[in-house]
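Asker: The structure's right below; bear with me while I get my questions together.
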Amino acid sequence: MSKIELRAAPHVHAPRSVENIMFNVVLALMPICIFSVWQYGLSSAVLIVTVTATCLATERFFSKASGKGNTLADWSATITGLLLALTLPPSFPLWMGAVAGFAAIALGKALFGGLGFNPFNPALVGRAFVQAAFPSTIASFVPAFAQQRFTSFVPSTWTAPLMIPTDNTGWIKDAAVDAFTGATPLGRWKFENFTYTTHDFLSGAVTASAGETSAILILLCGGYLALRKFMDWRIPVAVVGSAALLAWILHLAVPGRYPEPLFVVLSGGLMLGAVFMATDMATSPVTPLGIWIYGALIGVLTVVIRYFGGLTEGVMYAILIANAASPLIEQFTQPRAYGTAKTDTAGGAK
Amino acid sequence: MSTPEKKAPSNMDELLDGLWKQNPIFVMVLGMCPTLAVTVSAINSISMGLATTFVLAASCLLVSLLRNAIPKEVRIASFIVIIATFVTVVDYAIQAISLDLYEALGAYIKLIVANCILLGRAEAHAAKTPPIPATLNAFGMGIGFTIGLLAIGGVREILGAGKLFGISLFGPHFQPWVVMVLPPGGFFVLACWLIVFAWFKQNKANKSKPQQGCHTTPTTEGSRA
Amino acid sequence: MTEQTQAAPVFTSTASMIRALGLIATICGVIIVGVYESTLTPVAANKKLALERQVFKVLPGAKHVTEYFATASGITPTEGHTVPADAVRFYAVYGADKKLAGIAAEGSSAGYADQVRVLYGYDVTKQAIVGIGVVSMRETPGIGDKILTDEDFLKNFKELDVRLAGDMQALANAVKTVKHGTKKNAWEIDAISGATVTSKAVGRGINQSAQALLPKLVPHIDQLRSQP
């Protein structure tokens, strides 16, 4: 990214336009969406469609109202919608999904002047809004691989707008998945001291938001983006690396209390957040050292919130906080082009 | 916040000034502390608005009556004492009317004394204006403030509790939006109203280009990044 | 702002400044005292009403409330006395038959957002807490404020054991909030799942207040048997 952004004239023509990058991100998200539908069935599919459609409609409305013409073609609203849908529980009522989609674009993006001006990742703004508005609904899950997932919807999916979600107990019973608990792995670790095996995570056999269960797939899709240079590989590496490092130190210091680093990396939304959200170009720094600091900040904050905070998952707030800090990070890590001869700041990261 | 002083505005202008053109919340963005804190329901908003209106009108009347007796050097002290007096009056009055309301408004009744609309109006307007227009202007400002609070409080109560003035709108199965009764909800709703206002004014300014321009105060939100 | 640019200093005498401030202070003083005097009676009546409403909720069958305070040396009605700093306030509650219906007292402890203040009703013969109400709290709506509505949680206070130990110095068993679903003893409070912080605040508030009040109150309880 730093190779193509923020360079003074002369500009050499490159086929890599914003639209092109964004479209490739959408492509990279597709396998994860398909995996989610395979895991959770019809409800997951309609949720992804609804959230994305709301994002697109909101984007259309605001771009028209502010006289910018059609901004749907840059694919950014589509990315926001897909990412947002992947962070919500698959049984999330559609009307709440629509609220999340609207909040993401309206509060997270249009308010600040559209693509490129938003200080926060819009998908996370939407997610934070519904987390604050519907805290209990966003923490209720249905089991993955329920046997009737392709023949019937989860009842709460079609909850009437503005109403309390329909009860899912009967549906979950029919799912015939043994030993289902409504809590996510992070929740079970925090409150019951129960840890899952690495195999559970890699196969997606845990309860969580759609985008939190497919670490390998996310890595593959992220790898594609990084290889084609559509994404800065340093950010996810810094995020995951710093989270794992801190988790490893704490695990060694107090072995019985804190889980292994691999659990921290694979559970929750850390992978999705590191690969697809922290790397959002508009909300991350561009200076080389700044990128490492920004990534490390997210990783450390995630672990700190998970271990010591009141919430079970910290990725969302970690990224939002780092988003807020990124202009400051950028300012402090500006490479000195001229002026007093100071030592090269771009060199020694960490 | 200096008012653009026109040549001898009519009493009607004085009254209407605060309702729209100089609306304390949506145009001047003043008094944000109670605006964000107490607007969790429509009834709280109205009570707070009316309490502020009373303090505003009464203190502006007194300031205006005494404006020639107050030396410039001690004017701020005088204004604050006058404002604090009427805030105390309102504080007792609300306790006498309803303790529930008093609990709901909490410290924010006493904090009216620090609301910048009050000192702002006393200093910028009442201290230079005869009693009748000064009181009318203050009254208009107060009503404008009340309308602003009500606009925010109404939205927050509808989404946060499914009610308006305590009357249930959507039946027993309504899912409350918890965020709306928490402090962030106040910011969200205020921001949305500011956008609506900025938008409305921009459209109006675009339609009648030449003269309207100088009255358009840029709000904090809007396209200027 | 424009006045300051007309720099010609107009001399204001000290006397006139003091006169102006004195005048304003006098006017304001008169207004404040006048309003205070005229609202005194309705405010007092409102406060009494609010208190009675709270107390009647935690002790059913109550008809009359008298405020007392307890110190190490005994119990005294609040009316007409100054309350010492180390005293614990409580309310003696009487039924229609003028017999003691129970004791109500307030406990408070830090919750998730602010102090959670609860009023509890104490039954003298059962030596147990038989009802609670919330005086004030700022807990998260939909989560912490379940302590008002959650029926399982309120069941804890049907008969919460607060009997004193043999030496009358402390509770036999401290009131304790336990994790949801693990209540075993009559002095334990089963927390609301998901609202543990608030549940714990309630338990802590009751425990602190009962530990402070009951050892001073119970030895003198006979003074309160019938309405004075």
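Asker: If we count every other residue with Cβ under 15 angstrom of C:I32's Cβ, Lys/Arg +1 and Asp/Glu -1, where does the sum land?
Answerer: Net charge in that neighbourhood comes out at -1.
Asker: Magnitude of the Cβ-charge dipole of the protein assembly as shown, K/R +1 and D/E -1, about the Cα centre, nearest 20 debye?
Answerer: My answer is approximately 1160 debye.
Asker: Could you work out which residue, out of B:P24, B:P34, B:P183, moves most in a Gaussian network model of chain B, that is, has the largest mean-square fluctuation with Cα springs under 10 Å?
Answerer: Taking springs between Cα atoms under 10 Å, the residue moving most is B:P183.
Asker: Treat segment C:59-224 as a sphere of radius equal to its Kirkwood radius over Cα pairs and apply Stokes-Einstein at 10 °C in a medium of 1.306 mPa s; give the translational diffusion coefficient in µm²/s, rounded to a whole number.
Answerer: After rounding, the answer is 98 µm²/s.
Asker: Return the FRET efficiency for the residue pair A:L27, A:D167: r is the Cβ-Cβ distance, R0 is 30 Å, and the value is rounded to the nearest 0.05.
Answerer: The value I calculate is 0.20.
Asker: Ratio of Rg to Rh for chain B, alpha carbon only, Kirkwood?
Answerer: When Rh is taken as the Kirkwood radius, the ratio is 1.00.
Asker: Provide, as a two-decimal number, the C-alpha radius of gyration of segment B:13-105 over 2.2 N^0.38 Å, N being how many residues it has.
Answerer: 1.21
Asker: Please report the carbon-and-sulfur percent of the accessible area for segment C:10-50; probe 1.4 Å, protein heavy atoms only, DNA, RNA and ligands left out.
Answerer: In segment C:10-50, the share of accessible area belonging to carbon and sulfur is 77 percent.
Asker: Report, to the nearest 10°, how far helix C:196-217 tilts away from the longest principal axis of the Cα atoms in chain C, using its own Cα long axis and a range of 0 to 90°.
Answerer: The angle comes out at about 80 degrees.
Asker: Once R0 is set to 30 Å, what does the formula 1/(1 + (r/R0)^6) return for the Cβ-Cβ distance between C:R19 and B:L19, expressed as a FRET efficiency to the nearest 0.05?
Answerer: Once the sixth-power term is evaluated, E becomes 0.20.
Asker: Right, here's the next one. Pull out a ≥ b ≥ c, the square roots of the eigenvalues of the alpha-carbon gyration tensor of the protein assembly as shown, then state rounded if a/c is under 1.5, prolate if not and a/b is larger than b/c, and oblate in the remaining case.
Answerer: Oblate, since a/c reaches 1.5 and b/c is not below a/b.
Asker: Please name which of C:T149, C:A165, C:S193 has its Cα lying farthest along the dipole of segment C:59-224 towards the positive end, using unit charges on Cβ (Lys, Arg +1; Asp, Glu -1) and the Cα centre as origin.
Answerer: Checking the options against the dipole of segment C:59-224, the answer is C:S193.
Asker: Can you list the residues, at least 5 places off or on another chain, whose amide H is less than 5 Å from the amide H of B:L164, using H built in the peptide plane?
Answerer: Sorted by chain and number, the residues that satisfy this are B:L169.
Asker: So, in Å, what gap is there between the alpha-carbon centers of segment A:22-53 and segment A:218-238?
Answerer: 19
Asker: Now for a separate question. Would you please state which residues of segment C:184-228 a label at C:S73 would reach in this model, taking the label point 7 Å out along Cα→Cβ and a backbone N cut-off of under 17 Å?
Answerer: C:216-217, C:220
Asker: What number, in nm² with one decimal, is the all-direction average of the projected area of the convex hull of the alpha-carbon atoms of segment A:79-158?
Answerer: 5.4
Asker: Using a 1.4 Å probe, what is the accessible area per residue for the protein assembly as shown, in Å²?
Answerer: For the protein assembly as shown, the per-residue accessible area is 47 Å².
Asker: Let me ask you something else. Return, ordered by residue number, the residues of segment A:79-97 whose backbone nitrogen is under 17 Å from a label point located 7 Å along Cα→Cβ of A:F150.
Answerer: none
Asker: Quick one: if you stick a label point 7 Å off each Cα along the C-beta vector at C:E52 and C:K176, how many nm between them?
Answerer: With each label point 7 Å from Cα toward Cβ, the separation is 4.1 nm.
Asker: Mind listing the long-range amide H neighbours of C:V134? Cut-off is under 5 Å, sequence gap 5 or more, other chains count too, H placed in the peptide plane at 1.01 Å from N.
Answerer: Here the answer is C:L119, since their amide H atoms fall under 5 Å of that of C:V134.
Asker: Okay, next question. Where in chain C is the longest stretch that carries no trypsin sites (Lys or Arg not before Pro) classed as loop by DSSP and with at most 16 other Cβ atoms within 10 Å?
Answerer: By the stated rule (loop sites, at most 16 other Cβ atoms within 10 Å), C:1-97.
Asker: Could you tell me which helices of chain B pass both thresholds, a Cα extent of 15 Å or more along their own axis and a mean Kyte-Doolittle hydropathy of at least 1.0, with helices taken as whole DSSP H runs?
Answerer: Correct list, ordered by number: B:42-65, B:75-97, B:131-161.
Asker: Rank C:A15, C:A105, C:A172 by mean-square fluctuation in a GNM of chain C with C-alpha springs under 10 angstrom and give only the top-ranked residue.
Answerer: Evaluated over chain C, the most mobile residue of the options is C:A15.
Asker: For A:Y307, tell me the accessible area in Å² from a 1.4 Å probe, rounded to the nearest 10.
Answerer: 20
Asker: Can you give the Rg/Rh ratio of segment C:10-50, where Rg is from the C-alpha atoms and Rh is the Kirkwood radius?
Answerer: When Rh is taken as the Kirkwood radius, the ratio is 1.40.
Asker: Apply the Karplus parameterisation 6.51 cos²θ - 1.76 cosθ + 1.60, with θ equal to phi minus 60°, to every residue of segment C:34-44 and state each ³J(HN,Hα) to the nearest whole Hz, in sequence, with x for glycine and proline.
Answerer: Taking θ as phi minus 60°, the curve returns x, 5, 4, 4, 6, 9, 4, 5, x, 5, 4 Hz for segment C:34-44.
Asker: What is the calculated FRET efficiency for A:F61 to B:I76, with r their C-beta to C-beta distance and R₀ = 45 Å, to the nearest 0.05?
Answerer: The computed FRET efficiency comes out at 0.40.
Asker: What net charge do the residues around C:R138 carry, taking every other residue with its C-beta under 10 Å from that of C:R138, with Lys and Arg at +1 and Asp and Glu at -1?
Answerer: Overall, the nearby charge balance is -3.
Asker: For the full complex of protein chains and a 1.4 angstrom probe, list B:Y108, A:Y258 by accessible area with the highest value first.
Answerer: B:Y108, A:Y258
Asker: While we're on this one: Using Cα springs under 10 Å in a Gaussian network model of chain B, which residue among B:L169, B:L56, B:L159 shows the largest mean-square fluctuation?
Answerer: B:L169
Asker: At 1.4 Å probe size, what's the solvent-accessible area of C:I132? Round to the nearest 10 Å².
Answerer: Surface open to solvent at C:I132 totals about 30 Å².
Asker: Quote the accessible area belonging to B:D100 in square angstrom, nearest 10, computed with a 1.4 Å probe and with ligands, DNA and RNA left uncounted.
Answerer: The accessible area comes out at roughly 90 Å².
Asker: Between chains C and B, what is the buried accessible area summed over both chains (1.4 Å probe, protein heavy atoms, nearest 100 Å²)?
Answerer: Using a 1.4 Å probe, the pair buries roughly 2200 Å².
Asker: Using a 1.4 Å probe on protein heavy atoms only, how many Å² of accessible area do B and A hide from each other, summed over both chains and rounded to 100?
Answerer: 1500
The values are calculated or read from the model by the stated rules, or taken from the named source; none is laboratory data. As the structure is a computational prediction, the values presented were derived from the model and not from experiment. All Cβ positions, glycine included, derive from the backbone under ideal geometry; neighbour counts span all protein chains shown. Accessible surface is based on the protein model in full, side chains and every heavy atom, while ligands, DNA and RNA are left aside. Shrake-Rupley method; radii C 1.70, N 1.55, O 1.52, S 1.80 Å.
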